[in-house]
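Undergrad: Dropping the structure in here first, questions after.
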């Protein structure tokens, strides 16, 4: 009898038992145990073949598919967020996101807040002005730079934010669909890698006419 294997299996069962007691994602049955095992080790399973996509046989590139799917996901997420904010005091999804960042990261300058939300300056200033008008944020002079304004969420802003959080959490859960934990972690890793690539480019504020040319030149220098 393979006693080491039995011991390792018992250890897995003990870990599974702890997880099922702390959460109700998996049932305490053999099927629940199999699902838990599959999720725990899904990231170690390497795909055996490329996925199929529309237009692949006609030469459609992976880059084209990725761009299209990212655009689709953005639209899906906006649709769910719009539903979550329906009937609330918020006019746009961006107002909510600005408040979320102020609550999470604390007071910051106008430009820090705008850049954190990947907004262009004119649009970002308009959003901040609406938040100030609503009394959800307040601005004060910066002690370090008198030309800058420090934006901070108010008690009223926290209240209106908390009032809508339950629906927003529902929307964010729907966006991630039926991905299991391992898939979510892998998706975060890949999206974080893309964000690390694009954020420095965005921060340089290239004008639209020269943006692509500047990026390609920088990548060429980097790869040489």
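Undergrad: Evaluate the following for residue 91: is it within 30 Å of residue 139 (Cβ to Cβ) and without any contact (Cβ under 8 Å) to a residue 40 or more places away in the chain?
TA: The answer is yes for residue 91.
Undergrad: Looking at (1) under 30 Å from residue 90 (Cα atoms); (2) surrounded by 14 or more Cβ atoms within 10 Å (Cβ to Cβ); (3) under 23 Å from the mean Cα position of the chain (by Cα), can you tell me which one residue 183 breaks?
TA: (1) is the only condition that residue 183 fails.
Undergrad: Within the group 179, 99, 161, 191, which residue is part of a helix (DSSP H, G or I) and free of Cβ contacts under 8 Å to residues at least 60 places away in the same chain?
TA: 191
Undergrad: Among 213, 112, 186, which is in a helix (DSSP H, G or I) and touching a residue at least 60 places away in the same chain (Cβ under 8 Å)?
TA: So the residue among 213, 112, 186 that is in a helix (DSSP H, G or I) and touching a residue at least 60 places away in the same chain (Cβ under 8 Å) is 186.
Undergrad: In region 5-14, is there at least one residue being at pLDDT below 95, surrounded by 10 or more Cβ atoms within 10 Å (Cβ to Cβ), within 26 Å of the chain's Cα centre (by Cα) and within 22 Å of residue 184 (Cβ to Cβ)?
TA: Taking every residue of region 5-14 in turn, none turns out to be at pLDDT below 95, surrounded by 10 or more Cβ atoms within 10 Å (Cβ to Cβ), within 26 Å of the chain's Cα centre (by Cα) and within 22 Å of residue 184 (Cβ to Cβ).
Undergrad: Mind telling me which of the residues 109, 68, 20, 92 ends up being modelled with pLDDT of 95 or more and surrounded by 13 or more Cβ atoms within 10 Å (Cβ to Cβ)?
TA: Unique residue meeting the criteria: 68.
Undergrad: Could you tell me which residue of region 201-210 is nearest to residue 111 (Cα to Cα), considering only residues that are in contact with a helix residue (DSSP H, G or I) (Cβ under 7 Å, 6 or more places away or on another chain) and in a helix (DSSP H, G or I)?
TA: Looking at residues that are in contact with a helix residue (DSSP H, G or I) (Cβ under 7 Å, 6 or more places away or on another chain) and in a helix (DSSP H, G or I), I get 203.
Undergrad: Okay, moving on. Taking residue 132 as the residue in question, decide whether it is assigned to a loop (DSSP other than H, G, I, E, B) and surrounded by 11 or more Cβ atoms within 10 Å (Cβ to Cβ).
TA: no
Undergrad: Residue 76 versus (1) more than 30 Å from residue 154 (Cβ to Cβ); (2) without any contact (Cβ under 8 Å) to a residue 60 or more places away in the chain; (3) surrounded by 12 or more Cβ atoms within 10 Å (Cβ to Cβ): which is the lone unmet condition?
TA: The single condition residue 76 does not satisfy is (2).
Undergrad: Which residues, taken from region 98-135, are in contact with a strand residue (DSSP E or B) (Cβ under 7 Å, 6 or more places away or on another chain) and within 19 Å of residue 161 (Cα to Cα)?
TA: 99, 102, 103, 107, 108, 113, 128, 131, 132
Undergrad: From the residues in region 135-148 that are outside any loop (DSSP other than H, G, I, E, B) and either exposed (fewer than 15 other Cβ atoms within 10 Å of the Cβ) or modelled with pLDDT under 85 (or both), which one is farthest from the chain's Cα centre (by Cα)?
TA: Result: 141.
The values are calculated or read from the model by the stated rules, or taken from the named source; none is laboratory data. Here the structure is a predicted model, which is why all the values come from computation and not from measurement. All Cβ positions, even for glycine, are placed from backbone atoms using ideal geometry, and neighbour counts span all protein chains on display.
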